[in-house]
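Accompanying notes for the structure given below.
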Amino acid sequence: MSALTLSEALLLARDQAVQPWHVVAVLILDRPISRDELAMRIAERIGYAPRFRQQVSGTGVQSWTDDTGFRIAGHLREVTLQPGSPLEEWVSAELGRPLDRLHPLWDATLVSGLGGRRVALVVRVHPALIDGVDNVHLLQELLDDLPDPIVGPAPQWTPTPADEPGLGSVFGALSDPLRTLREAAAGLSGMAESAARNAQATQVPRYVAGAEVELALVERAKHRHGGTTHDVLLSIATAGVRGWQLDGSEPLRDLVALVPLAVADEERTSAIGCRLSAQFISLPVTAPRGAERLAALASLTQAGSDAESTVPARELIDLAGFAPPTIHTLAAGLIVAGRPHEALIVNVPGPTHTRFLGEAEVIGSYQVLSTVDSQQISIGITSYRGKVTIAATAIHPLPHFARNVGEELARLTGEA
């Protein structure tokens, strides 16, 4: 049992019934895996991600406690898409479905109907579950470097009874999140003031779109124009934002964006070998040419790198387990940094070699970051074995996002 931190309470308070907030990891598998097999693999590995068995409890003191009624099966679903129904539309709808506050704040769905034997494993988590120190994403522990048949039995687990609540709570019950945020703004923290100002009291739709590009083309654009791989990826994401604004018949304008940086963990407390720092930049949406947008972004990101000791991409790629879901979720939680912004762009390099869930090969990985507060668009970028996936979530449709991203990359490589 451990009391909620101020940061965790602020993250939880943003998750409102009218406007749910969570982060979604989507793994595309080359073959089906049964619900029973998934449950067994989770039972084998969940001890490495203990908060996935814990719930938020207490009426005067909010704490993480073991869920005495925890059943893995209760967090698992199976669905089949209708013919011609895109996975993005189903994920968009999932962003509007609240997580169950009476149990650990996650669920997983096996989605079939993608074509061929492919299936998707879609895992929704609340950012408060993950702190990057003692608590990592469950998916970081489920995947292996080689095919690993799933066999039982799973280890037995006995929940620890909760202690009687005591004094020292940061917040009271979170049944009224807007009140919680207002109270925090009144006396606890400056970062809560922004949360109270920006928290949504009315429902805002979310729309999801995805794109995939070759990492080799990104590298080609980098060598042609200079800068870094990160700069090129930010640039093509910015082209997606530009096209999205045009699709919405809005005047083009630069957006303030939160672009987290992985920086050195001097105290070496992090389970992922680094910590995330909030960097805010002005996305050069209005710059007329792709090369101009790339040059502007390279200058902005270099300033952030000069200010802090950033972690090389290679170190992130070589992290144990499958780290992108953990890092993306931590990045989403940087909303508590408090500065208003309209866009979130998170770029996390992933493994260069294949990972497996049981005997199923992971052939694709997307990280979908739900919008929250004043965010209008959020973009999760992930590389995996030579491909880069770019998943966008926005408050109005993104009909041409993949095309806009692809055309920008072609211009930067000189192929258009």
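Taken together, the values in this text are just the output of simple stated rules run on the coordinates, not laboratory data. If you're wondering where the values come from, they're calculated on a predicted model, not measured in any experiment. Here the Cβ is made from the backbone with ideal geometry for all residues, glycine too, and neighbour counts use every protein chain on show.
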note = When the charge dipole of the range 207-413 is computed with +1 on Lys and Arg Cβ and -1 on Asp and Glu Cβ about the Cα centre, the Cα farthest towards its positive end, among LEU252, SER282, VAL362, belongs to LEU252
ask   = Put a dot 7 Å past each Cα toward the Cβ at VAL133 and ARG403; how far apart are the dots in nm?
value = 4.8
task = Within the range 357-416, report the GluC sites (Glu not before Pro) that DSSP leaves as loop and that have at most 13 other Cβ atoms within 10 Å.
result = GLU415
task = May I ask you to compute the full-extension gain from ALA93 to SER282, defined as 0.36 nm times their residue separation minus their alpha-carbon distance, rounded to one decimal in nm?
result = 65.0 nm
query = What list of whole percents do you get for P(r) of the range 207-413, with Cα-Cα distances grouped in 5 Å bins up to the one holding the largest distance?
reply = 1, 8, 16, 21, 22, 17, 10, 4, 1, 0
ask   = Which trypsin sites (Lys or Arg not before Pro) in the range 35-82 pass both tests, a DSSP loop state and at most 12 other beta-carbon atoms within 10 Å?
value = ARG71
task = Grab the Cα-Cα distance for ALA73 and GLN203, subtract it from 0.36 nm times how many residues apart they are, and report the gain in nm with one decimal.
result = 43.8 nm
note = Spelling it out for HIS22: with amide H atoms placed in the peptide plane at 1.01 Å from N, the residues 5 or more places away or on another chain with amide H under 5 Å from its amide H are SER370
query = Based only on the alpha carbon positions, what is the Kirkwood hydrodynamic radius of the range 318-416, in angstrom?
reply = 15.1
note = Rounded to one decimal in nm, the spacing of the 7 Å Cα→Cβ label points at ALA264 and GLU212 is 3.8
ask   = For TRP157 and ARG385, what is the calculated FRET efficiency with R₀ set at 35 Å and r taken between the beta-carbons, to the nearest 0.05?
value = 0.55
note = Semi-axes a, b, c in Å (a largest) for the range 54-124, each sqrt of 5 times a Cα gyration tensor eigenvalue, come to 31, 13, 7
